[in-house]
Amino acid sequence: MKRYWKIGLAVALLVSLVLVALSKETSPPFIEMEVKAVRVDAIGHSPVVLLADKEGNKVLPIWIGLLEATAIDKELKNMTSPRPMTHDLLHSILNQVQVKVKEVKIVELKDQTYYATFL
């Protein structure tokens, strides 16, 4: 009798594992977003870049450093710095070698850091 109980338990476990595997949703497709604004977090007083989808239904806040926030904000406002910044150098190098970044995908969040790939 104990043997049948163990076999039944094993079968139930296998069936439940199969059902869980079948019911897992596939990861949602990437959502195209664009930089909408740079703000300051009211609680922590940290800079936040706001990414929003084209319909404006979803917003992804990403906390960033002050220097990065300043650079992004200046770019959004079409302001230039009195001297070239590091990102300006990278932009210039990419232009010289005729490389264009088509998209950046955030692929992971680990230890409060977003990781991305680009094409």
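The values are calculated or read from the model by the stated rules, or taken from the named source; none is laboratory data. Because the structure is a prediction, the values reported are computed rather than measured. Neighbour counts are summed over all protein chains in view; Cβ atoms, including those assigned to glycine, are modelled from backbone coordinates with ideal geometry. All accessible areas refer to the heavy atoms of the entire protein, side chains included, with ligands and DNA or RNA removed. Shrake-Rupley method; radii C 1.70, N 1.55, O 1.52, S 1.80 Å.
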Completion exercise
Subset of the stretch 47-70, residues assigned to a strand (DSSP E or B) and either surrounded by 16 or more Cβ atoms within 10 Å (Cβ to Cβ) or aliphatic (A, V, I, L, M) (or both), comes to Pro47, Val48, Val49, Leu50, Leu51, Ala52, Val59, Leu60, Ile62
Exercise for the section: Considering every residue within the stretch 73-94, establish whether at least one is under 29 Å from Pro29 (Cα atoms), of a type outside the set (D, E, K, R), surrounded by 13 or more Cβ atoms within 10 Å (Cβ to Cβ) and modelled with pLDDT under 90. Expected result: yes
Exercise for the section: Only residues in the stretch 38-66 that are at negative phi and touching a residue at least 24 places away in the same chain (Cβ under 8 Å) count as the first member; pair them with residues that are assigned to a strand (DSSP E or B) and open to solvent by 50 Å² or more (accessible area, probe 1.4 Å), Cβ under 9 angstrom, at least 6 apart or cross-chain, and list the lot. Expected result: Lys58/Met33; Leu60/Met33; Leu60/Ile106; Ile62/Ile106; Ile62/Tyr114
Fill in the blank from the handout: Cβ pairs under 6 Å, 6+ apart or interchain, first in the stretch 86-107 and closer than 23 Å to Ile62 by Cβ, second part of a loop (DSSP other than H, G, I, E, B) and open to solvent by 70 Å² or more (accessible area, probe 1.4 Å), ordered by first then second residue, are Lys102/Leu119; Glu103/Leu119; Lys105/Phe30
Handout entry: When residues of the stretch 95-119 are limited to those that are open to solvent by 100 Å² or more (accessible area, probe 1.4 Å) and of a type in the set (Lys, Arg), the one nearest to the chain's Cα centre (by Cα)
Key = Lys110
Completion exercise
Counted residues in the stretch 71-85 being outside any loop (DSSP other than H, G, I, E, B) and either within 23 Å of Lys110 (Cβ to Cβ) or touching a residue at least 12 places away in the same chain (Cβ under 8 Å) (or both) come to 4
Problem - Considering residues of the stretch 33-43 that are farther than 12 Å from Ile64 by Cβ and assigned to a loop (DSSP other than H, G, I, E, B) only, the residue most open to solvent (accessible area, probe 1.4 Å) - result: Ile43
